[in-house]
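What follows is one structure encoded as structure tokens, with my remarks underneath.
The values are calculated or read from the model by the stated rules, or taken from the named source; none is laboratory data. What you see is a predicted model, and the numbers here were worked out from it, not measured in a lab. Glycine also receives a Cβ, built like all others from the backbone with ideal geometry; neighbour counts cover every protein chain displayed.
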Amino acid sequence: MTADFQQLRIKMVDGQLRTTDVTNIALQDAMLAVPREEFVSAGKRDLAYIDEDLEILPARDGMPPRFLMEPSPFARLVQLADVTSADFVLDVGCGTGYSSAVLSRLAGSVVALESEAALAESAAATLERLGCDNVAVTQGALSAGYPGEAPFDVILINGAVDQVPQELLAQLKDGGRLVAIVGTGNAGRAMIFVREGELFSSRTVFNAAVKPLAEFRRQPEFEF
């Protein structure tokens, strides 16, 4: 029996977004419109709308697997960033491109940054097929951001991090916002960082447990 993906999108918005205070109508409309099932493997299409993180790349070469973030914390992060049609957005760790597709419907333009070649290629192909022509996919180290196109109005990090690198914060415009889940597991908390000249303010907004991005792990310090 073939899944009715449009109905699953409606259930996702009604049951996962609205119930967790995602009230931004443009964001709800974007997530109703973007076919999340196109951004997972064929075997996981029927699971695309469940309220769990979905594996999009298995563990390899000592690196942990990569995941598509669960709909609710992702939507709450995007809502926190308050993306507008005038914004230039950096989507860090875009994975297979779902987050970039949603952002493309809210922002003026999006740079989708991905470190894994297979994911970057998949994202570029799917985004092109879906007509997301205001997104440019680029491959590079996630923690380094994309200084060649900086500064950005909004930077979104797609996964939990131990800390937000200063190198990324420096790529914000004056008044720009960076949103991320800082801390892993039940210690994870959604934070927004705002640039004001050369100063950065931050605040915690909600708790969220999402899968970590290994590239943002804090290196253990050597102690005598």
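Quick rundown of the values:
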| quantity | calculated |
| --- | --- |
| Only listed residue being touching a strand residue (DSSP E or B) at 6+ places or on another chain (Cβ under 8 Å), hydrophobic (A, V, I, L, M, F, W, C), part of a loop (DSSP other than H, G, I, E, B) and closer than 21 Å to A190 by Cβ, chosen from V89, V110, V154, V83 | V83 |
| Meets criteria (at pLDDT 95 or above and either assigned to a loop (DSSP other than H, G, I, E, B) or within 21 Å of C132 (Cα to Cα) (or both)) for L32 | yes |
| Hey, A144 exposed (fewer than 15 other Cβ atoms within 10 Å of the Cβ) and farther than 27 Å from E37 by Cα or not | no |
| One residue from D153, D82 being charged (D, E, K, R) and on the phi > 0 side of the Ramachandran plot | D82 |
| Every residue from segment 190-205 that is in contact (Cβ under 8 Å) with a residue 12 or more places away in the chain, in a strand (DSSP E or B) and surrounded by fewer than 16 Cβ atoms within 10 Å (Cβ to Cβ) | E196, R203, T204, V205 |
| Criterion violated by P71 - all others in (1) under 19 Å from N134 (Cα atoms); (2) under 13 Å from the mean Cα position of the chain (by Cα) satisfied | (1) |
| Residue in segment 155-166 that is small (G, A, S), touching a residue at least 60 places away in the same chain (Cβ under 8 Å) and crowded, with 16+ Cβ neighbours inside 10 Å present | yes |
